[in-house]
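The values are calculated or read from the model by the stated rules, or taken from the named source; none is laboratory data. All values derive from a computational prediction rather than experimental measurement. As a convention, Cβ positions derive from the backbone with ideal geometry for all residues, glycine included, and neighbour counts pool all protein chains shown. Ligands, DNA and RNA are stripped out before the accessible areas are found, and what is left, the full protein with its side chains, is counted by its heavy atoms. Shrake-Rupley method; radii C 1.70, N 1.55, O 1.52, S 1.80 Å.
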Amino acid sequence: MLLLDHTGEIANRWTEVAEEAALPDGPVILPLSRIAEAEGRPETGVHLPNTADPRPLPPHFPHLALISVAFPSFADGRGFSIARCLREIGYTGRLRASGPVIADQFGYLLECGFDEVWLPESVAKRQPAADWLDRLGAVSLSYQRGREGRASILDRRRAASGR
């Protein structure tokens, strides 16, 4: 497994906890069904399936240091929308994309609000950390506005035409 942020490979301090498993000491990522267990526990995260609606989560935000969003495939873009929604409804903690995304998507993941990407070994073997960092500046235009205020292609066209 490989965990990356915008600086490259980083250490993973988090343990993913299965549905029925006991809670170990240290930082844990709980299944969404166990989110109530995050209250009062330091360094707790939750894993959202890409089918989950993030809008009911704000009451839990004060107890969540990390939210992991599932990407079952690089072709399934629902995780991008979930990340954007989480940031728009006020989540300020660590946001992790988890699954077989590809290096070409790294810049977009960061723009949508993700802080880090957790990759399966099969992807990490094909695309090591250096490949991910090389891709960061490869795409300079976007069809969507970036979280950091980067203009979309449409915004640039409107500005160029004076509209």
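Each 5 Å bin from 0 upward holds the following percent of the Cα-Cα pairs of the chain: 1, 9, 18, 20, 19, 14, 9, 5, 3, 1, 1, 0, 0. Axis angle, to the nearest 10 degrees, between helix 78-88 and the longest C-alpha principal axis of the chain: 90 degrees.
A 1.4 Å probe run over the stretch 9-163, with the rest of the protein chains in place, finds 54 Å² accessible per residue. For the listed peptides 104-117, 43-56, 5-18, a ranking on the average number of other beta carbons within 10 Å per residue, highest first, reads 104-117, 43-56, 5-18. Rolling a 1.4 angstrom probe over the stretch 4-109 with all protein chains present gives an accessible area of which 55% lies on carbon and sulfur atoms. Applying the Karplus relation 6.51 cos²θ - 1.76 cosθ + 1.60 with θ = phi - 60° to the stretch 42-48 yields 3J(HN,Hα) values of x, 6, 10, x, 9, 9, 9 Hz, where x marks Gly and Pro. Which cross-chain or sequence-distant (5 or more) residues have an amide H under 5 Å from the amide H of residue 48, H modelled 1.01 Å from N in plane? When sequence neighbours closer than 5 places are left aside, the close amide H contacts are 68, 69, 70. Dipole magnitude for the chain: about 940 debye, using +1 per Lys or Arg Cβ and -1 per Asp or Glu Cβ, origin at the Cα centre. Farthest towards the positive end of the charge dipole of the stretch 2-125, among the residues 51, 120, 89, is the Cα of 89, using unit charges on the Cβ of Lys, Arg, Asp and Glu. Computed 3J(HN,Hα) for the stretch 101-115, one whole-Hz value per residue from the Karplus formula 6.51 cos²θ - 1.76 cosθ + 1.60 where θ = phi - 60°, is 6, 10, 4, 4, 8, 4, x, 5, 4, 5, 5, 6, x, 5, 9, glycine and proline marked x.
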